[in-house]
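The values are calculated or read from the model by the stated rules, or taken from the named source; none is laboratory data. Computed from a prediction, not measured in an experiment: that's the story for all the values here. Cβ: placed from backbone, ideal geometry, glycine included. Neighbour counts: every protein chain shown.
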Amino acid sequence: MSKTPQPSGGAFINRVAGTHPPHEVHGLFVEWATAQIEDRRTRALFMRMAERSGIDQRWSVLGGDAYRHDAGLDFYGPDAANSTGDRMAVYAREAPELALAAIERLGPLGPVSHIVAASCTGFVAPGIDQLIVRALDLPGSTERVLIGYMGCYAGITALRTARHIVRSQPEARVLVVTAELCTLHLQAVSDIEKLLAMLQFGDGAAAAIVSAEPLGLELTEPFSMALPDSHDLITWTIGDQGFAMHLSGEVPGRIADALADPMVRQQINGNQAPDSWAVHAGGRSILDAVTRGLDLGEHALDHSRAVLAECGNMSSATVMFVLERIMASGTRVANGRAMAFGPGLAVEGLGYRSAP
C-alpha cells in the first residue's frame, strides 16, 4: 500500500491546467485591423508583421454571434467603440465561467484552504475570487487574495503568493486561478503600433493547486526587478471605451540589454545554470529578446513559443500555460526559471525544479 506523500517544507505546483474560449479570432482580427489602415504601404507592413508574429491562433469570448451582432455589441465591427461599462458587463459574465472551466480541468480538487486569483482585464464585485468560492461551494472561511491590474506578470505574483502561504502554513492547499479576457479591450484605431500591440492578445484562464505535498514542480526563490527609466514603455489606461494598451517598440531592445547585464543574469540564474525556462509568451519579439539577452540555446523557449502560436498573449494566464506544458513533458528539471514582464517596465520571476 502506497504512503501518502508528506509535507516537505517547500511549496509545489501539484497540478496545473489551462483553457481558452471556443472562438478562434486571429484571422478575424487581422482582417478587421487591416481595414482600419488607409495607407497601402502601412497596410502591407502590418500584414508582414502579422505573418511574422509567431501566432497562429487566438481565442476570444467575443467570437460568437451573441457578441458580434446582438444588443449593439459590435466588438469586431466598424467602430469597436463599446463603452467600458459594456465591456465590464461581458467580463462579469464570462471571466468567472472561463476560470471555472480551467479549474474543472484540474480534476478533483480535494480540500482548498486558500484561493489566489489574478485577473487584470476586468473588474466585478463581488470579485472573481468570491464568485469561484460560491460556484465551487467552498466554505465561507476559505481565505482569498485577489491580484488585479498588474498585467502580464500577475501570474508569477499569484504563484509567488501561493508559495508564501504554503511555506508559512504547510497544511494549506492553495487554488491559484488566472483569468484574462484581453480581447474585451479592442480599440478602434488606425495607428499601426497600437494595432500590432492588440494583435498579440487572446483570452485564457489557468488554474493550479499549490501545496506542501512534494509532487510536481517545487517553487523556489522568487526574484523581482524594475528597469530604470522605463515606466512609460508599457502602460494600460482605463478609458471610456475599455482599457487602452500602450506597448512601446523599445520594449524588446530594453529587455535584451537589461538581461545581458552580468549582475541581472546572476540575479535571475542563481548559482546554477538554468536547465528549463517558463518565459511569459508576450510576443515573438519579447521571446527573441530574452533568447538574445540571456544567450539561450535555439530551443530553450520552445514551450513559450508553442503557447504563443496556439493562444497568443493571455496576460497573467500565459506563464501557467507554459508551466503546464513543462509538467506534461515529463522532463526532469534541476533549476528552472519562470519569468514575465509587464508595466513598470518590471520583471517578476520564480524558480522551479522537479519534486524529489
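In region 156-195, which residues are more than 21 Å from ALA207 (Cα to Cα) and in contact with a Pro (Cβ under 9 Å, 6 or more places away or on another chain)?
Selection gives ALA188 alone.
Condition test on PHE46, is it at pLDDT 85 or above, more than 20 Å from the chain's Cα centre (by Cα) and under 21 Å from ALA197 (Cα atoms)?
yes
Just name the residue that is modelled with the highest pLDDT out of those in region 202-231 that are farther than 21 Å from SER329 by Cα, touching a Gly at 6+ places or on another chain (Cβ under 6 Å) and hydrophobic (A, V, I, L, M, F, W, C).
PHE223
If the requirement is being buried (at least 21 other Cβ atoms within 10 Å of the Cβ), polar (S, T, N, Q) and assigned by TED's automatic domain parsing to the domain that holds GLU31, which of these qualifies: THR161, THR178?
THR178
Checking MET314 against (1) out of contact with any His (no Cβ under 9 Å at 6 or more places or on another chain); (2) modelled with pLDDT of 95 or more, only one condition comes out false. Which one?
(1)
Do we find a residue being under 23 Å from ALA89 (Cβ atoms) and touching a strand residue (DSSP E or B) at 6+ places or on another chain (Cβ under 6 Å) anywhere in region 154-164?
Looking through region 154-164, at least one residue is under 23 Å from ALA89 (Cβ atoms) and touching a strand residue (DSSP E or B) at 6+ places or on another chain (Cβ under 6 Å).
Out of the residues in region 63-88 that are at pLDDT 85 or above and not hydroxyl-bearing (Ser, Thr, Tyr), which is surrounded by the fewest Cβ atoms within 10 Å (Cβ to Cβ)?
Selected residue: GLY85.
Looking at the structure I just gave you, is ALA346 among the hydrophobic types (A, V, I, L, M, F, W, C) and either modelled with pLDDT under 95 or in contact with an Asp or Glu (Cβ under 8 Å, 6 or more places away or on another chain) (or both)?
Judged against the criteria, ALA346 is a match.
Say we look at region 205-239 and pick out the residues that are within 18 Å of the chain's Cα centre (by Cα) and not small (Gly, Ala, Ser); which of these is surrounded by the fewest Cβ atoms within 10 Å (Cβ to Cβ)?
Top of the filtered list is THR235.
Quick one: count up the residues across region 116-161 that are in contact (Cβ under 8 Å) with a residue 40 or more places away in the chain, in a strand (DSSP E or B) and more than 23 Å from GLY351 (Cα to Cα).
Qualifying residue count for the region: 0.
Only one of PRO170, PRO111, PRO214 is out of contact with any Ser or Thr (no Cβ under 9 Å at 6 or more places or on another chain) and either touching a residue at least 24 places away in the same chain (Cβ under 8 Å) or more than 20 Å from ALA11 (Cα to Cα) (or both). Can you tell me which?
Answer to the check: PRO111.
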